[in-house]
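A quick write-up on the structure given underneath.
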Amino acid sequence: MTIPKDTLLSLYRTMVRIRRCEEQLARSYAAGTITGACHTYVGEEAVATGVCAHLRDDDAVFSTHRGHGHALAKGVPPGALVAELFGRATGCSGGRGGSMHLFSPEVGMMGTSGIVGPCILQATGAGYSFQLKETDQVGVAFFGDGAVNNGAFHEGLNMATIWDLPVLFVCENNMYATEIAFKDSARNTDVAGRAAGYGLHAEAVDGNDVLAVYEAAGAAVARARQGGGPSLIECRTYRTRPHAEGMRDGGYRSQEEIDSWKARDPISAFAQSLLDDGAVTAADLQTIDAAIVAEIQEAVVFATDSPWPDATTVADHIYAGTV
Amino acid sequence: MAAREINFTEAAREALAAAMTRDPTIFVLGEGIGIRGGNFNTTLGLFERFGPRRLRDTPICERGFVGLCTGAAMTGTRPVVDFMFIDFILDSVGELTNQIAKIQYMTGGRLKMPVLLRGCVGIGGGAATHHSGSYYPLFVNVPGFRVVVPTTPYDAKGLLSTALRCDDPVLFLEHKSLLNVRGEVPEEDYQIPFGQARLCRQGTGVTVVAIGPLVPKCLAVCDTLAAEGISVEVIDPRTLAPLDMDTILVSVRKTGKLLVADESFGPCGVGAEIAAQVMAQGFDDLAAPVRRLNGVHTPTPYSPPLEAAVVPSMDQVAAAVRDLAAE
Ligand SMILES: Cc1ncc(C[n+]2csc(CCOP(=O)(O)OP(=O)(O)O)c2C)c(N)n1
Ligand SMILES: [Mg+2]
């Protein structure tokens, strides 16, 4: 597969945008500007980037507690993300959600989630809608290895498969659910193998290789659009920061393990391979790096200058008000 | 020409069929709701008209298909979950309370959540404890739900038609003992607004707010009580969320005495809520403390004498009204 230079640079840009934004959010958390939970996506950027590169605004993404990267890759502006974590009215959920409730249906970001599991079922439901309406849209669920042992995985994959729904399940297998190693919570840790048992297309890829993710997701999304049914991609990856900002990261994983994955950083590896191949120049990448730094700075200024939500609206929109 | 009479289930089914004809985004999920037409005939004959995508028999995964419906409603379709017995809804409570009920709020109204959740509720026929629940106080307690408890075929059709136009999640709860009750129902489609109680019988001495099967039970003893000189006003709230407190308060202003009769449990139940609201807004109208008559706070036993012992009887309704009248 030859990928156009524009696409390569766009993949790089999205990964850098996620990384810089996450680093900023971690700083803001440490400074006390973010009052709620903050789970960063550092180390896993290739997954959201490679998948969302194939999605349109009218495709529906359902995400997790670790969803900043999904939101950014799906097209939520950094300002709307940062403002949401700052609790401002201009946040993508109007300050109602924070990190774990990022909604931007305008770009098909149908929510990060404070509950592990439901995203799998909801993406399946989006697939049901799209099939019923006979469109070529796709529902996508991102979820961790922790969700694989939840009933939602079993029920969602099964329904998507028996009804041939246009759904892509993306498992971000970072080998831990909080501090519980996946190998201690499942005898069979082959997520793709387990998924294949339901009868859908399933494959495992190197989740730190953005092109591997991009290629697998491209095939899966195309298949779903053409009525070929659901797929699962297991992306083997690693989060290099603690489970959440402010949490201890000691005990359950070794420094050697963390360092070995840092050495496989998806952004540096991609940049290096692009330069080695001569596909892009160092100047191309530096231009993007500089633009992203400015973009994230602007996002913080935007969020900081944004108004707080109006407390008199606190009970608005519980009901649609149509009946 | 005599008005047409059909039963509760047939009336609700007419509303569903009309809505499915009008709105191609409506689909029904459930076990046995396809070719079979539903355990309670809720979808009888609809599979032939609307086909398998819109009348979808599911695996037995209540949590899963409720979660599926959440995502479907978020992306422009209008799912109907037919639980058969509402007891099975408990397997999906996380999807309901954490997801379905909250999506409109969390998106500031940018997404709607038009999901209809229906099922058979209540005690009767030796169904025993896994097929006899009502559970509506749970859902009334959660912001975001509409909770509908129709008691007549006319109301069943009109309220289901409204539910299928409503953009909020609606629980439509059909009591076992009412499914075969017949009544006059217009052929054409019509809607009954949520939050409007029905004044079933006018009276001056005691107000009874009766819920679900307690409505016919209460109406059945009113003539006897009238002969004793007790004039009873009977109100059927029809929807518990929203709850038409105005109609109740107006009645209490007239009678000064209120009994809430409900088969479901007392603690933190609908009667407790109505009593608290009447005390807050109509305390000076009360001539006696508000009374409640509820099913016994216990799992539902099987054996006929045990089952009968947990359900409020007509005699108990009459006795409670007499006590209140004598205060
Ligand atoms: C149903 C549920 N149980 C527990 C939690 C608490 N919790 C939050 S994140 C998490 C671990 C999730 O691990 P995984 O799915 O692998 O995602 P990762 O954090 O590794 O990205 C847990 C247990 C939750 N949010 N939801
Ligand atoms: Mg994990």
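If we scan the stretch A:269-284, do we find a residue that is part of a helix (DSSP H, G or I), within 16 Å of ligand 2 (Cβ to nearest atom) and not polar (S, T, N, Q)?
Taking every residue of the stretch A:269-284 in turn, none turns out to be part of a helix (DSSP H, G or I), within 16 Å of ligand 2 (Cβ to nearest atom) and not polar (S, T, N, Q).
Within the stretch A:226-238, is there a residue that is in contact with a Cys (Cβ under 9 Å, 6 or more places away or on another chain) and more than 22 Å from residue A:42 (Cα to Cα)?
Looking through the stretch A:226-238, at least one residue is in contact with a Cys (Cβ under 9 Å, 6 or more places away or on another chain) and more than 22 Å from residue A:42 (Cα to Cα).
How many residues are surrounded by 23 or more Cβ atoms within 10 Å (Cβ to Cβ), among the charged types (D, E, K, R) and in a helix (DSSP H, G or I) when one looks only at the stretch A:18-60?
Summing the residues that are surrounded by 23 or more Cβ atoms within 10 Å (Cβ to Cβ), among the charged types (D, E, K, R) and in a helix (DSSP H, G or I) in the stretch A:18-60 gives 2.
From the list B:318, B:272, B:288, B:325, exactly one residue is assigned to a helix (DSSP H, G or I), surrounded by fewer than 19 Cβ atoms within 10 Å (Cβ to Cβ) and small (Gly, Ala, Ser). Which is it?
Of the residues listed, the single one that is assigned to a helix (DSSP H, G or I), surrounded by fewer than 19 Cβ atoms within 10 Å (Cβ to Cβ) and small (Gly, Ala, Ser) is B:272.
For the stretch B:157-180, which positions are touching a strand residue (DSSP E or B) at 6+ places or on another chain (Cβ under 8 Å) and of a type in the set (Asp, Glu)?
Within the stretch B:157-180, B:168, B:174 meet the criteria.
For residues that are surrounded by 24 or more Cβ atoms within 10 Å (Cβ to Cβ), aliphatic (A, V, I, L, M) and within 11 Å of chain A (Cβ to nearest Cβ), tally how many sit in the stretch B:38-87.
Adding up the residues that qualify gives 5.
Please pick out the residue among B:165, B:182, B:201 that is basic (Lys, Arg), in contact (Cβ under 8 Å) with a residue 24 or more places away in the chain and out of contact with any helix residue (DSSP H, G or I) (no Cβ under 7 Å at 6 or more places or on another chain).
B:165
Is it true that some residue in the stretch A:55-67 is within 17 Å of residue A:270 (Cβ to Cβ) and aliphatic (A, V, I, L, M)?
Looking only at the stretch A:55-67, we keep the residues that are within 17 Å of residue A:270 (Cβ to Cβ), and these are none.
Scanning the stretch A:55-67, I find no residue that is within 17 Å of residue A:270 (Cβ to Cβ) and aliphatic (A, V, I, L, M), so the answer is no.
Collect the residues in the stretch B:1-21 that are touching a residue at least 60 places away in the same chain (Cβ under 8 Å) and not aliphatic (A, V, I, L, M), keeping them in residue-number order.
Within the stretch B:1-21, B:4, B:5, B:7, B:8, B:9, B:10, B:14 qualify.
Only one of these conditions is not met by residue A:182: (1) over 22 Å from residue A:73 (Cβ atoms); (2) more than 16 Å from ligand 2 (Cβ to nearest atom); (3) touching an Asp or Glu at 6+ places or on another chain (Cβ under 8 Å). Which number is it?
In the conditions (1) over 22 Å from residue A:73 (Cβ atoms); (2) more than 16 Å from ligand 2 (Cβ to nearest atom); (3) touching an Asp or Glu at 6+ places or on another chain (Cβ under 8 Å), residue A:182 misses (2) alone.
Got a sec? Which of A:83, A:152 is more than 9 Å from chain B (Cβ to nearest Cβ) and part of a helix (DSSP H, G or I)?
A:83
Testing residue A:167 on (1) within 14 Å of another protein chain (Cβ to nearest Cβ); (2) of a type in the set (Val, Ile, Thr); (3) within 16 Å of ligand 2 (Cβ to nearest atom), one condition comes back false. Which one is that?
Residue A:167 satisfies all of (1) within 14 Å of another protein chain (Cβ to nearest Cβ); (2) of a type in the set (Val, Ile, Thr); (3) within 16 Å of ligand 2 (Cβ to nearest atom) except (3).
Restricting to the stretch A:138-164, name every residue that is away from ligand 2 (no atom under 16 Å from the Cβ) and open to solvent by less than 30 Å² (accessible area, probe 1.4 Å).
Within the stretch A:138-164, A:138, A:139, A:140, A:156, A:157, A:159, A:160, A:161, A:163 meet the criteria.
Given B:165, B:118, B:110, B:146, which one is open to solvent by less than 30 Å² (accessible area, probe 1.4 Å) and within 14 Å of chain A (Cβ to nearest Cβ)?
Only one candidate qualifies: B:146.
The values are calculated or read from the model by the stated rules, or taken from the named source; none is laboratory data. Since we're looking at a predicted model, the values are computed, not measured. We place every Cβ from the backbone using ideal geometry, glycine too, and count neighbours over all the protein chains shown. For the accessible areas, the whole protein counts, side chains as well, though only heavy atoms, and no ligand, DNA or RNA atoms are used. Shrake-Rupley method; radii C 1.70, N 1.55, O 1.52, S 1.80 Å.
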